[in-house]
Amino acid sequence: MGGRGRSRRTQRKHFRDGRENVWKTKKSDSQEAEGSNNNNENDSNGNNTNKPTHWQPFAIENAAFDEYYKEQGVVRPEEWGSFIECLRKPLPAAFRINSSSQFCTDLRSQLEDEFMKALLAEGTDGNEAEGIKPLPWYPNNFAWMSSFSRMQLRKNKNLERFHEFLKQENEIGNITRQEAVSMVPPLFLDVHRDHFVLDMCAAPGSKTFQLLEMIHQESEVGALPNGMVIANDVDVQRCNLLIHQTKRMCTSNLAVTNHEAQHFPSCRWKKNNTTNGSDLAGMSMTELLFDRVLCDVPCSGDGTLRKAPDIWRKWSVGMANGVHCLQLQIAMRGLALLKTGGRMVYSTCSMNPVENEAVVSEILRKCGGSVELVDVSSELPQLVRRPGLKSWKVRDKGTWLGSHKDACKYGRSGIVPSMFPSGQPHVDTSSDDNNNNDNDNDDVLVTEVSSLPLERCMRIAPHDQNSGAFFIAVLHKISPLPVIQTKSSKHSRCDEKSKQSEDIKAMDVDVKNEESDEATNPSKKLKGTEPEKTETLNNPKSRAEKANDKRKLQIQGKWFGVDPVVFFKDDAILTNIKEFYGIHESFSFTHRLITRNIDTNHVKRIYYVSESVKNVVELNFLAGEQLKITSIGLKMFERQTSREGTSSPCVFRISSEGLPLLLPHMTKQITSSPAVDFKHLLQYKSIKFPDIVDDRFREKVAVLALGCCVVVLNTGNENEGEGASDRPKVDKSTIAIGCWKGRSSLSVMVTAVDCQELLERSRFSPVNKLVLLNLRRRNKGDSYLADQEQKQQNFSCKVS
């Protein structure tokens with residue numbers, strides 16, 4: 001019971017020791033006295049009449065917060081009351097319809113025609129219809145807001161059904177729950193289908209999902225866009241959350257990486273270095289640069305007070321001052337990775353000018369004329385926004401500072417010049433006499449005013465449109481960035497950190513150059529380094545040398561704890577897959593299939609990547625695998641390990657995520673089903689061959705080979721006679737599911753949530769109405785329908 005020699009309190013005698021109980025707070029003397037008085041307040045039966053309070057709500061006020069933002073002037077004095085009152089109210093829930101989803105218009109119609117009208121007709125409190133409404137500034141009414149509380153959702157049946165609808169569609173990926181103001185930054189990026197996009201601080205992934213929607217918008221069936229999204233986050237656990245969020249999108253144009261955003265690698269590769277694979281030396285891409293960069297940096301988060309009320313008690317000015325330098329480094333790295341002519345959006349969920357306008361102004365100063373702040377006041381005209389501040393102060397340890405001179409006067413070494421509007425460091429060159437003359441003006445605080453066009457920044461105030469608070473700045477890169485000289489100053493903490501990171505990068509380049517020189521010019525290696533190596537062989541390595549070796553391994557891409565990214569090149573398996581499913585040659589498999597296992601004999605999953613992602617992976621190989629890739633591509637095939645799976649001609653089945661992409665290119669193992677049998681498959685998950693209602697569908701299934709197959713919902717265009725067993729037509733409205741044909745039954749290989757969603761879609765979609773209409777017309781009466789209903793009842797009795 002001890003467990004590795006540790007003593008544990010597992011027996012009664014152990015609890016006799018006088019140990020302090022850390023779970024109970026000690027009572028003060030006043031509380032003990034009050035408790036003794038309360039003991040006397042009993043009723044005649046001896047029962048205590050005072051009921052203890054078990055829970056106290058969050059205190060939604062903070063005097064330091066009020067003083068700070070009143071002084072900064074983030075809102076006018078006359079609207080301070082409505083501003084602070086709004087911050088103390090709960091935040092309405094918001095969600096977004098996936099604009100690239102197959103059912104996006106159906107979902108929007110369902111919200112407009114079913115839920116809104118039902119609540120309007122009921123109208124018990126008069127507020128139900130206003131509780132669900134679209135956001136007026138989001139394009140095509142694809143973003144909605146709900147102001148109902150949990151109690152209201154439980155009481156009202158229509159609201160309860162609405163809540164279940166949200167949960168189901170969110171799990172599938174047709175909608176995404178996301179704060180309303182969080183949807184704004186991707187809209188100003190102006191993303192197109194052919195853009196390379198980097199989301200530098202992506203977790204939890206709602207903005208990444210939104211960027212992927214933009215990439216995939218207006219894509220043809222079975223075709224992939226030329227662009228891609230790289231979603232990065234520094235935290236491994238948050239990367240897992242990001243993967244879970246974006247997996248619902250089912251895209252092959254995404255890669256998830258795990259790096260510090262301020263040190264994100266550019267994977268620069270010299271064409272003359274072919275040591276990592278001569279077969280890839282003809283690549284045109286030599287560096288990883290992006291058309292669009294989303295820089296939603298870590299911040300103090302006081303703009304999220306409405307959904308995270310615990311920030312009220314934790315808030316302090318030090319939260320913003322502490323992340324200013326990191327935010328600046330991330331933004332500068334984002335601009336370095338941005339192509340000339342590209343656009344970057346810098347955003348925070350904070351109201352503090354030290355995290356917002358101060359960072360943007362320092363970016364503009366460092367980049368000179370190579371970067372401009374874009375005026376986007378004409379875009380999204382229905383979005384209520386306020387201009388950025390041009391003047392602000394810095395507060396540290398209870399003292400207001402108007403300029404860096406004040407910071408030097410009070411000895412605040414943690415306050416850097418870039419936090420102030422001018423950004424000018426103070427250099428004390430005055431004599432003692434001048435200092436004595438200036439003592440009279442020491443108490444006068446002079447606030448600087450920026451000369452930069454910071455009014456082009458956007459501030460979203462919570463009380464303007466019942467939302468959270470947000471800050472957004474849109475930057476356009478006009479020309480390459482200038483070489484930034486880091487100044488050696490005891491006050492420039494940001495410059496010191498950036499200089500350290502530049503030194504690390506320079507070490508990386510030196511190591512790479514040495515390795516490439518040794519590979520391309522062996523004589524260099526023999527001249528100077530051979531004697532040194534013979535000396536070190538006899539002597540044990542020091543700790544510094546071991547650390548340097550580990551550093552070289554990292555540069556070469558040896559990321560411990562992360563599965564390798566390997567191109568799948570087993571020709572026998574690929575030929576078997578192509579022949580079994582009849583995949584067209586137009587659907588490229590060359591350097592498009594990836595596994596996370598070097599041993600191809602034990603590969604469980606095969607992922608498919610787009611052309612753009614393939615190019616990035618190849619560049620990463622040539623550059624020494626600098627990217628730490630945690631997830632990539634779309635799961636296309638999965639090995640079937642059951643006993644029936646091993647007896648199939650092809651042991652790899654098509655995953656439900658990869659089916660929409662592969663379906664237009666399949667010619668085998670695909671058949672169409674009437675609505676009645678399609679519904680049975682979704683309801684009962686497995687059907688015996690004799691229980692199939694439609695005779696023609698039973699005949700089609702019998703022809704299929706043992707193993708994975710695809711069943712498409714019949715749209716009513718397939719008539720009996722010649723061509724009835726031909727491949728069904730596939731378009732954007734096609735509803736299909738992956739199945740497994742066994743020896744005596746047909747089973748669905750779709751999750752229960754997906755089955756429920758498809759049942760709902762087929763019930764509401766015009767496709768199902770067309771099927772039923774054709775059935776009535778074809779049979780000139782109700783005899784056929786009666787026969788189908790009787791077969792369905794018989795089948796239901798057998799299943800039950």
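Some notes on this structure:
- Residue check for Gly318: modelled with pLDDT under 95, more than 23 Å from the chain's Cα centre (by Cα) and within 21 Å of Gly388 (Cα to Cα): no
- For the range 189-247, the tally of residues that are surrounded by fewer than 22 Cβ atoms within 10 Å (Cβ to Cβ) and in contact with a Lys or Arg (Cβ under 6 Å, 6 or more places away or on another chain) stands at 1.
- Residue check for Ser266: within 24 Å of Glu379 (Cβ to Cβ) and surrounded by fewer than 22 Cβ atoms within 10 Å (Cβ to Cβ): no
- Residue in the range 126-147 that is of a type outside the set (A, V, I, L, M), touching a residue at least 40 places away in the same chain (Cβ under 8 Å) and closer than 30 Å to Arg313 by Cβ present: yes
- Flag if Lys497 is open to solvent by 70 Å² or more (accessible area, probe 1.4 Å), in a loop (DSSP other than H, G, I, E, B), at pLDDT below 80 and among the basic types (Lys, Arg): no
- Any hit, the range 58-68, residues being crowded, with 19+ Cβ neighbours inside 10 Å and at pLDDT 90 or above: yes
- Filtering the range 732-755 to residues that are of a type in the set (S, T, N, Q) and either open to solvent by less than 40 Å² (accessible area, probe 1.4 Å) or modelled with pLDDT under 85 (or both) leaves Ser733, Thr734, Ser745, Ser747.
- Residue match in the range 91-103 (condition: outside any helix (DSSP H, G or I) and exposed (fewer than 14 other Cβ atoms within 10 Å of the Cβ)): no
- Selection of the range 368-401 for residues being under 15 Å from Leu454 (Cβ atoms) and in a helix (DSSP H, G or I) yields an empty set.
- 1 or more residues among the hydroxyl-bearing types (Ser, Thr, Tyr), out of contact with any helix residue (DSSP H, G or I) (no Cβ under 7 Å at 6 or more places or on another chain) and at pLDDT 90 or above: qualifying strands (runs of 3 or more DSSP E) within the range 596-693: 605-608, 670-673, 686-688
- Residues within the range 248-261 that are open to solvent by 30 Å² or more (accessible area, probe 1.4 Å) and under 17 Å from Leu198 (Cα atoms), tallied: 1
- Condition met for Glu164 (charged (D, E, K, R) and touching a residue at least 40 places away in the same chain (Cβ under 8 Å)): no
- When Arg154 is tested against (1) open to solvent by 10 Å² or more (accessible area, probe 1.4 Å); (2) assigned to a loop (DSSP other than H, G, I, E, B), exactly one condition is not met: (2).
- Check on Lys780, open to solvent by 30 Å² or more (accessible area, probe 1.4 Å), at pLDDT 75 or above and more than 32 Å from the chain's Cα centre (by Cα): no
The values are calculated or read from the model by the stated rules, or taken from the named source; none is laboratory data. If you're wondering where the values come from, they're calculated on a predicted model, not measured in any experiment. When we count neighbours, we look across all protein chains shown, and the Cβ atoms used for this are built from the backbone with ideal geometry, even at glycine. Remember, those area values only see protein heavy atoms, side chains included, never the ligands or the DNA or RNA. Shrake-Rupley method; radii C 1.70, N 1.55, O 1.52, S 1.80 Å.
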